[in-house]
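Shown next, in structure tokens, is the structure this report addresses.
The values are calculated or read from the model by the stated rules, or taken from the named source; none is laboratory data. Given the structure is predicted, the values throughout are model-derived calculations rather than measurements. Every residue, glycine among them, receives a Cβ derived from its backbone with ideal geometry; neighbour counts consider all protein chains shown. In case anyone asks, the SASA skips ligands and DNA or RNA and just uses the protein heavy atoms, side chains included. Shrake-Rupley method; radii C 1.70, N 1.55, O 1.52, S 1.80 Å.
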Amino acid sequence: MSRLVIVTGGSRGLGLAITRSLLEAGYSVSTCSRSLGDTLPGLLEVHPDRLFWQQADIGNAASTQAFIDATVQRFGAPWGLINNAGIAREGILATLPLVEVDHLIQTNLTGAIQVARGVLRHMLSRPGGGRIINISSIIGQRGYTGLAAYAATKAGLDGLTRALAREVGRRQITVNSVAPGYLDTEMSGTLSAGQRDQIVRRTPLGRLGTAADVAPAILFLLGNGGAYITGQTLTIDGGITC
Ligand code: NAP
């Protein structure tokens, strides 16, 4: 049977690209999002045995647990987790409503920790180790005006990666972050033309990234090549932070 990887937020953007590339590589994939989106129904028809989706809000503990339980019931314990689902809210911190700050933290940080915790309980019961990959961001390393709370959640994820790598290493479970730069997805749709031009000018490779630029690194970390890499943050940003 093919190895199972859980991908949160697989309905569009980076999570969808990762889901597609994992299916192409022969993995089974269980994914969740708050809505199904336009593309997953077609993929579910093509891969009825290897792809599973359930509606879940990772900011809600009960919803997250129900998704993990349904996944394990369907496929057994997972080999990998890609903690990808996330939201961005732009706004100067001094005026950003506290409810927005709470929502960001609840989704991007508490949510990701809850998913990792729930999945680990099954991963630890499965002999042979596993892989956890947290999708953080260069914003958590370098910051960006208007994204202070978002940056805090992503820096928090990198901290989670380092501590958890120590905690579960003896069980041959690796934990890493992948930190993309600016990707051309729905999430970056709020960037103005001026901001985009500035990012492109400052990026040595001269363009925004795409989800397809990131997915191969995920496959590498999930495979044999990732066996002795843990506690690291792999930055994929066209060189903008170099
Ligand atoms: P996106 O296009 O907005 O997709 C986000 C995905 O997460 C969707 O499938 C969305 O589905 C799901 N999601 C959001 N909130 C959720 C929740 N509470 N529960 C379950 N699923 C949820 O974003 P993206 O650009 O692909 O970003 C993916 C990850 O990469 C995020 O963690 C983001 O912070 C990170 N990242 C993005 C960029 C960038 O420039 N785009 C750069 C660096 C890092 P629903 O809305 O239906 O729930």
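Which ones in the stretch 212-225 are crowded, with 20+ Cβ neighbours inside 10 Å and touching a residue at least 60 places away in the same chain (Cβ under 8 Å)? Before the answer, list the steps.
Of the residues in the stretch 212-225, the ones crowded, with 20+ Cβ neighbours inside 10 Å are 213-215, 218, 221-222.
Selection gives VAL214, ALA215, ILE218, LEU221, LEU222.
Based on this model, can you work out whether ALA66 counts as assigned to a helix (DSSP H, G or I) and open to solvent by less than 40 Å² (accessible area, probe 1.4 Å)?
The answer is no for ALA66.
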_Which condition from (1) open to solvent by 30 Å² or more (accessible area, probe 1.4 Å); (2) more than 19 Å from ASN108 (Cα to Cα) is the one that GLY189 breaks?_
(2)
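Provide a single number: the residues in the stretch 81-102 that are more than 9 Å from the ligand (Cβ to nearest atom) and not acidic (Asp, Glu).
If we filter the stretch 81-102 for residues that are more than 9 Å from the ligand (Cβ to nearest atom), which is where we start, we get 81-82, 89-102.
So of that shortlist, the ones also not acidic (Asp, Glu) come out as 81-82, 89, 91-99, 101.
Qualifying residue count for the region: 13.
List the helices (runs of 4 or more DSSP H) that sit entirely inside the stretch 125-242 and contain at least 1 residues that are over 19 Å from ILE18 (Cβ atoms) and hydrophobic (A, V, I, L, M, F, W, C). Break it down into steps so the answer makes sense when it comes.
Working: elements: 138-142, 148-168, 193-202, 211-222.
Hits in the stretch 125-242: 138-142, 148-168, 193-202.
Any residue in the stretch 69-80 that is touching a residue at least 12 places away in the same chain (Cβ under 8 Å) and within 12 Å of the ligand (Cβ to nearest atom)? Give the steps one after another, and end with the answer.
Step one: list which residues in the stretch 69-80 are touching a residue at least 12 places away in the same chain (Cβ under 8 Å), which gives 70-72, 74-80.
Imposing the further condition that a residue be within 12 Å of the ligand (Cβ to nearest atom) reduces the set to none.
No, because not a single residue in the stretch 69-80 is touching a residue at least 12 places away in the same chain (Cβ under 8 Å) and within 12 Å of the ligand (Cβ to nearest atom).
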*Looking at LEU44, LEU51, which one is more than 9 Å from the ligand (Cβ to nearest atom) and surrounded by fewer than 17 Cβ atoms within 10 Å (Cβ to Cβ)?*
LEU44
*Say whether the condition of being open to solvent by 20 Å² or more (accessible area, probe 1.4 Å), of a type in the set (A, V, I, L, M) and touching a strand residue (DSSP E or B) at 6+ places or on another chain (Cβ under 6 Å) is met by at least one residue in the stretch 78-97.*
yes
*Out of the residues in the stretch 130-153 that are surrounded by fewer than 24 Cβ atoms within 10 Å (Cβ to Cβ) and in contact (Cβ under 8 Å) with a residue 60 or more places away in the chain, state the one that is nearest to the ligand (Cβ to nearest atom).*
ILE138
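With respect to GLY189, is the statement that it is near the ligand (Cβ under 9 Å from one of its atoms), of a type in the set (Gly, Ala, Ser) and within 19 Å of HIS103 (Cβ to Cβ) true? Before you say what the answer is, go through the steps one by one.
On the way: near the ligand (Cβ under 9 Å from one of its atoms): yes; of a type in the set (Gly, Ala, Ser): yes; within 19 Å of HIS103 (Cβ to Cβ): yes.
For GLY189, the condition - near the ligand (Cβ under 9 Å from one of its atoms), of a type in the set (Gly, Ala, Ser) and within 19 Å of HIS103 (Cβ to Cβ) - is met.
Collect the residues in the stretch 25-41 that are assigned to a loop (DSSP other than H, G, I, E, B), within 13 Å of the ligand (Cβ to nearest atom) and among the hydroxyl-bearing types (Ser, Thr, Tyr), keeping them in residue-number order.
SER35, THR39
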